[in-house]
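The values are calculated or read from the model by the stated rules, or taken from the named source; none is laboratory data. Just so it is clear, the structure is predicted and the values come from calculations on it, not from any experiment. Cβ placement follows ideal geometry from the backbone for every residue including glycine, while neighbour counts extend to all protein chains displayed.
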Amino acid sequence: MTQPVAEPAPVSTMPRIGDPAPEFTAVTTQGEIHFPGDYAGTWVILFSHPADFTPVCTSEFMTFATMQDEFKAYNTELVGLSVDGLYSHIAWLRTIKEKITFRDISNVEVTFPLIDDVSMKVATLYGMIMPGEATTQAVRAVFVIDPQGIVRTVLYYPLSLGRNFDELLRVVKALQTADAFGVATPADWRPGERVIVPPAGSCGTAKDRMAGTEEGVECVDWFFCTKEISEADIDTKIRTS
Ligand code: BEZ
(Lines give C-alpha, C1' and ligand atoms only; values in the text may rest on other atoms or scores of the structure.)
Protein backbone atom coordinates (compact mmCIF):
# COMPACT_ATOMS: atom_id res chain seq x y z
CA MET A 1 0.00 0.00 0.00
CA THR A 2 1.36 3.41 -0.87
CA GLN A 3 1.74 5.87 2.00
CA PRO A 4 0.21 9.35 1.60
CA VAL A 5 2.91 11.89 0.86
CA ALA A 6 2.93 14.87 3.23
CA GLU A 7 2.63 18.23 1.48
CA PRO A 8 5.82 20.26 1.90
CA ALA A 9 5.35 23.21 4.26
CA PRO A 10 4.83 26.42 2.26
CA VAL A 11 7.97 28.49 1.99
CA SER A 12 7.68 31.76 3.84
CA THR A 13 8.16 34.78 1.62
CA MET A 14 8.41 38.42 2.55
CA PRO A 15 7.24 41.09 0.10
CA ARG A 16 9.66 43.96 -0.14
CA ILE A 17 9.12 47.64 -0.79
CA GLY A 18 8.62 48.08 -4.53
CA ASP A 19 7.33 44.51 -5.08
CA PRO A 20 3.83 43.82 -6.43
CA ALA A 21 1.66 42.77 -3.47
CA PRO A 22 1.34 38.95 -3.57
CA GLU A 23 -2.10 37.85 -4.75
CA PHE A 24 -4.52 35.77 -2.70
CA THR A 25 -8.19 35.03 -2.26
CA ALA A 26 -9.50 34.81 1.31
CA VAL A 27 -12.65 34.55 3.39
CA THR A 28 -13.17 37.59 5.63
CA THR A 29 -15.74 38.98 8.04
CA GLN A 30 -17.01 41.06 5.09
CA GLY A 31 -17.12 38.21 2.54
CA GLU A 32 -14.54 36.86 0.11
CA ILE A 33 -11.80 39.18 -1.10
CA HIS A 34 -9.39 38.95 -4.01
CA PHE A 35 -6.26 40.77 -3.01
CA PRO A 36 -4.95 43.16 -4.19
CA GLY A 37 -7.24 43.21 -7.28
CA ASP A 38 -10.36 44.24 -5.32
CA TYR A 39 -8.43 47.30 -4.11
CA ALA A 40 -7.19 48.53 -7.50
CA GLY A 41 -7.33 52.33 -7.48
CA THR A 42 -7.21 52.67 -3.69
CA TRP A 43 -4.44 52.53 -1.13
CA VAL A 44 -4.77 49.65 1.31
CA ILE A 45 -3.20 48.80 4.65
CA LEU A 46 -2.96 45.02 5.11
CA PHE A 47 -2.06 44.31 8.72
CA SER A 48 -1.81 41.24 10.92
CA HIS A 49 -2.37 40.77 14.63
CA PRO A 50 -1.36 37.77 16.77
CA ALA A 51 -4.73 36.54 18.00
CA ASP A 52 -8.38 37.38 18.59
CA PHE A 53 -9.47 37.87 22.22
CA THR A 54 -6.13 39.33 23.31
CA PRO A 55 -5.84 42.76 24.94
CA VAL A 56 -3.22 44.56 22.83
CA CYS A 57 -4.94 43.44 19.62
CA THR A 58 -8.29 44.59 21.01
CA SER A 59 -6.90 48.06 21.75
CA GLU A 60 -5.42 48.18 18.23
CA PHE A 61 -8.66 47.21 16.51
CA MET A 62 -10.66 49.73 18.51
CA THR A 63 -8.19 52.48 17.65
CA PHE A 64 -7.97 51.59 13.96
CA ALA A 65 -11.75 51.32 13.65
CA THR A 66 -12.28 54.81 15.09
CA MET A 67 -9.80 56.18 12.52
CA GLN A 68 -11.26 54.34 9.54
CA ASP A 69 -13.09 57.39 8.14
CA GLU A 70 -9.89 59.46 8.31
CA PHE A 71 -8.03 56.76 6.34
CA LYS A 72 -10.94 56.60 3.85
CA ALA A 73 -10.62 60.38 3.38
CA TYR A 74 -7.14 59.64 2.02
CA ASN A 75 -8.44 56.88 -0.27
CA THR A 76 -7.10 54.17 2.05
CA GLU A 77 -8.86 50.95 3.04
CA LEU A 78 -7.97 48.67 5.96
CA VAL A 79 -7.72 44.87 5.89
CA GLY A 80 -6.84 42.87 9.02
CA LEU A 81 -5.62 39.29 9.38
CA SER A 82 -4.89 36.73 12.06
CA VAL A 83 -4.47 32.98 11.96
CA ASP A 84 -7.84 32.57 13.69
CA GLY A 85 -11.00 31.37 11.98
CA LEU A 86 -14.04 33.32 10.82
CA TYR A 87 -16.28 32.42 13.77
CA SER A 88 -13.60 33.47 16.26
CA HIS A 89 -13.25 36.79 14.40
CA ILE A 90 -17.02 37.37 14.44
CA ALA A 91 -17.31 36.52 18.15
CA TRP A 92 -14.33 38.74 19.06
CA LEU A 93 -15.60 41.75 17.07
CA ARG A 94 -19.05 41.33 18.64
CA THR A 95 -17.48 41.24 22.12
CA ILE A 96 -15.49 44.40 21.35
CA LYS A 97 -18.68 46.22 20.33
CA GLU A 98 -20.78 44.99 23.22
CA LYS A 99 -18.35 44.97 26.15
CA ILE A 100 -15.03 46.72 25.71
CA THR A 101 -14.12 50.30 26.61
CA PHE A 102 -10.62 51.54 25.88
CA ARG A 103 -9.55 55.15 26.46
CA ASP A 104 -13.17 56.32 26.54
CA ILE A 105 -13.86 54.55 23.24
CA SER A 106 -16.72 52.08 23.38
CA ASN A 107 -19.45 50.58 21.21
CA VAL A 108 -16.94 50.25 18.38
CA GLU A 109 -18.08 48.43 15.28
CA VAL A 110 -15.25 47.07 13.14
CA THR A 111 -16.52 47.23 9.56
CA PHE A 112 -13.29 46.60 7.67
CA PRO A 113 -12.58 42.99 6.60
CA LEU A 114 -10.72 40.66 8.93
CA ILE A 115 -9.21 37.67 7.09
CA ASP A 116 -9.71 34.09 8.29
CA ASP A 117 -6.24 32.59 7.89
CA VAL A 118 -6.33 29.37 9.91
CA SER A 119 -4.29 27.71 7.14
CA MET A 120 -1.61 30.44 7.57
CA LYS A 121 -1.58 30.68 3.77
CA VAL A 122 -1.67 34.47 3.64
CA ALA A 123 0.49 34.92 6.75
CA THR A 124 3.16 32.72 5.14
CA LEU A 125 2.89 34.53 1.80
CA TYR A 126 3.44 37.89 3.53
CA GLY A 127 6.16 36.78 5.99
CA MET A 128 3.91 37.46 8.98
CA ILE A 129 5.02 34.35 10.90
CA MET A 130 8.36 34.95 12.56
CA PRO A 131 9.26 31.65 14.29
CA GLY A 132 11.75 33.29 16.64
CA GLU A 133 8.83 35.32 18.05
CA ALA A 134 5.96 32.81 17.65
CA THR A 135 5.26 29.80 15.44
CA THR A 136 1.48 29.79 15.94
CA GLN A 137 0.69 33.51 15.73
CA ALA A 138 1.40 36.29 13.28
CA VAL A 139 3.52 39.19 14.45
CA ARG A 140 2.12 42.72 14.05
CA ALA A 141 2.94 43.30 10.38
CA VAL A 142 1.83 46.29 8.30
CA PHE A 143 1.95 46.52 4.50
CA VAL A 144 0.98 49.81 2.86
CA ILE A 145 0.04 49.08 -0.75
CA ASP A 146 -0.60 51.73 -3.38
CA PRO A 147 -3.44 51.95 -5.95
CA GLN A 148 -1.27 50.10 -8.49
CA GLY A 149 -0.85 47.16 -6.07
CA ILE A 150 2.78 47.94 -5.23
CA VAL A 151 4.11 47.53 -1.67
CA ARG A 152 5.23 50.98 -0.53
CA THR A 153 5.96 50.55 3.19
CA VAL A 154 6.54 47.52 5.42
CA LEU A 155 6.53 47.68 9.24
CA TYR A 156 6.91 44.86 11.74
CA TYR A 157 6.23 44.98 15.48
CA PRO A 158 6.60 42.17 18.03
CA LEU A 159 3.69 40.60 19.90
CA SER A 160 3.97 42.80 22.97
CA LEU A 161 4.05 46.19 21.23
CA GLY A 162 0.84 47.90 20.14
CA ARG A 163 1.22 50.00 17.01
CA ASN A 164 0.93 53.78 16.70
CA PHE A 165 -1.98 54.41 14.34
CA ASP A 166 -1.26 58.13 14.02
CA GLU A 167 2.07 57.03 12.54
CA LEU A 168 0.28 54.83 10.00
CA LEU A 169 -1.87 57.80 8.93
CA ARG A 170 1.29 59.93 8.73
CA VAL A 171 2.90 57.24 6.51
CA VAL A 172 -0.10 57.27 4.15
CA LYS A 173 -0.10 61.08 3.91
CA ALA A 174 3.69 61.23 3.44
CA LEU A 175 3.69 58.61 0.65
CA GLN A 176 0.82 60.36 -1.12
CA THR A 177 2.49 63.77 -0.71
CA ALA A 178 5.77 62.40 -2.10
CA ASP A 179 3.92 61.00 -5.13
CA ALA A 180 1.78 64.08 -5.74
CA PHE A 181 4.51 66.72 -5.40
CA GLY A 182 7.72 64.84 -6.31
CA VAL A 183 9.29 65.51 -2.92
CA ALA A 184 10.60 63.58 0.08
CA THR A 185 9.59 64.09 3.71
CA PRO A 186 12.09 64.60 6.54
CA ALA A 187 12.24 63.05 9.99
CA ASP A 188 9.01 63.37 11.96
CA TRP A 189 7.39 65.32 9.10
CA ARG A 190 3.79 66.35 9.48
CA PRO A 191 1.65 67.86 6.70
CA GLY A 192 2.32 71.61 6.51
CA GLU A 193 5.99 71.32 7.49
CA ARG A 194 8.72 71.95 4.93
CA VAL A 195 9.43 69.06 2.56
CA ILE A 196 12.72 67.95 1.04
CA VAL A 197 13.36 68.76 -2.58
CA PRO A 198 15.21 65.62 -3.73
CA PRO A 199 18.94 66.03 -4.41
CA ALA A 200 19.50 67.76 -7.71
CA GLY A 201 19.95 65.41 -10.67
CA SER A 202 22.61 67.52 -12.36
CA CYS A 203 25.31 70.02 -11.45
CA GLY A 204 23.43 72.76 -13.31
CA THR A 205 20.31 72.25 -11.24
CA ALA A 206 22.30 72.02 -8.02
CA LYS A 207 23.97 75.35 -8.84
CA ASP A 208 20.58 76.92 -9.59
CA ARG A 209 19.23 75.68 -6.29
CA MET A 210 22.17 77.11 -4.34
CA ALA A 211 21.76 80.38 -6.26
CA GLY A 212 18.15 80.43 -5.17
CA THR A 213 16.66 80.55 -8.66
CA GLU A 214 14.01 77.92 -7.98
CA GLU A 215 11.04 79.65 -6.46
CA GLY A 216 10.46 78.82 -2.80
CA VAL A 217 13.41 76.43 -2.56
CA GLU A 218 15.90 77.09 0.22
CA CYS A 219 19.21 75.21 0.35
CA VAL A 220 21.52 74.96 3.33
CA ASP A 221 23.95 72.98 1.17
CA TRP A 222 23.79 71.53 -2.35
CA PHE A 223 22.27 68.26 -1.08
CA PHE A 224 19.86 69.70 1.50
CA CYS A 225 17.09 71.79 0.00
CA THR A 226 13.57 72.30 1.31
CA LYS A 227 10.40 74.06 0.29
CA GLU A 228 7.07 74.83 1.87
CA ILE A 229 3.87 73.06 0.86
CA SER A 230 0.90 74.09 2.95
CA GLU A 231 -1.35 71.49 4.51
CA ALA A 232 -4.22 73.00 2.52
CA ASP A 233 -2.34 72.50 -0.78
CA ILE A 234 -1.53 68.92 0.21
CA ASP A 235 -5.13 68.17 1.11
CA THR A 236 -6.37 69.74 -2.13
CA LYS A 237 -4.25 67.19 -4.01
CA ILE A 238 -4.52 64.04 -1.92
CA ARG A 239 -7.67 64.21 0.21
CA THR A 240 -10.55 62.55 -1.60
CA SER A 241 -13.43 63.21 0.81
C1 BEZ B 1 -2.11 40.87 22.88
O2 BEZ B 1 -2.65 41.27 21.85
O3 BEZ B 1 -2.41 41.29 23.99
C4 BEZ B 1 -1.06 39.83 22.76
C5 BEZ B 1 -1.13 38.87 21.79
C6 BEZ B 1 -0.15 37.91 21.73
C7 BEZ B 1 0.91 37.91 22.61
C8 BEZ B 1 1.00 38.92 23.55
C9 BEZ B 1 0.01 39.89 23.64
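Out of 116, 104, which single residue is away from the ligand (no atom under 16 Å from the Cβ), in contact with an Asp or Glu (Cβ under 8 Å, 6 or more places away or on another chain) and acidic (Asp, Glu)? I'd like the intermediate steps shown before the answer.
On the way: 104 fails: in contact with an Asp or Glu (Cβ under 8 Å, 6 or more places away or on another chain).
On inspection, the qualifying residue turns out to be 116.
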Of the criteria (1) within 16 Å of the ligand (Cβ to nearest atom); (2) in contact (Cβ under 8 Å) with a residue 40 or more places away in the chain, which one residue 88 fails:
(2)
Starting from residues that are polar (S, T, N, Q) and crowded, with 16+ Cβ neighbours inside 10 Å, keep the ones in the range 171-204 and report whichever is nearest to residue 143 (Cα to Cα).
176
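Give me a count of the residues in the range 133-165 that are within 14 Å of the ligand (Cβ to nearest atom) and more than 20 Å from residue 55 (Cα to Cα). Give the steps one after another, and end with the answer.
Filtering the range 133-165 down to residues within 14 Å of the ligand (Cβ to nearest atom) leaves 133-141, 157-163.
If we keep only those that are more than 20 Å from residue 55 (Cα to Cα) too, we end up with none.
Residues that pass the stated criteria total 0.
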In the range 50-97, residues that are crowded, with 20+ Cβ neighbours inside 10 Å and charged (D, E, K, R) total 3
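Is it true that residue 203 is in contact with a Pro (Cβ under 9 Å, 6 or more places away or on another chain) and either of a type in the set (Phe, Trp, Tyr) or without any contact (Cβ under 8 Å) to a residue 60 or more places away in the chain (or both)?
Numbers: in contact with a Pro (Cβ under 9 Å, 6 or more places away or on another chain): no; either of a type in the set (Phe, Trp, Tyr) or without any contact (Cβ under 8 Å) to a residue 60 or more places away in the chain (or both): yes.
Against the criterion (in contact with a Pro (Cβ under 9 Å, 6 or more places away or on another chain) and either of a type in the set (Phe, Trp, Tyr) or without any contact (Cβ under 8 Å) to a residue 60 or more places away in the chain (or both)), residue 203 does not qualify.
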Go through the residues of the range 132-149 one by one and say whether even a single one is over 20 Å from residue 161 (Cβ atoms) and among the basic types (Lys, Arg).
no
Could you list, in sequence order, the residues of the range 25-62 that are assigned to a strand (DSSP E or B), away from the ligand (no atom under 16 Å from the Cβ) and more than 20 Å from residue 73 (Cβ to Cβ)?
25, 26, 27, 28, 29, 31, 32, 33, 34, 35
List the residue pairs whose Cβ atoms are under 9 Å apart, where the first residue sits in the range 3-21 and is within 18 Å of residue 131 (Cβ to Cβ), the second is exposed (fewer than 12 other Cβ atoms within 10 Å of the Cβ), and the two are 6 or more positions apart or on different chains.
12/131
Is it true that residue 64 is more than 22 Å from residue 101 (Cα to Cα), in contact with a Leu (Cβ under 7 Å, 6 or more places away or on another chain) and not acidic (Asp, Glu)?
no
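So, residue 41, is that one exposed (fewer than 15 other Cβ atoms within 10 Å of the Cβ), at pLDDT 95 or above and not assigned by TED's automatic domain parsing to the domain that holds residue 111 or not?
Working: exposed (fewer than 15 other Cβ atoms within 10 Å of the Cβ): yes; at pLDDT 95 or above: yes; not assigned by TED's automatic domain parsing to the domain that holds residue 111: no.
No.
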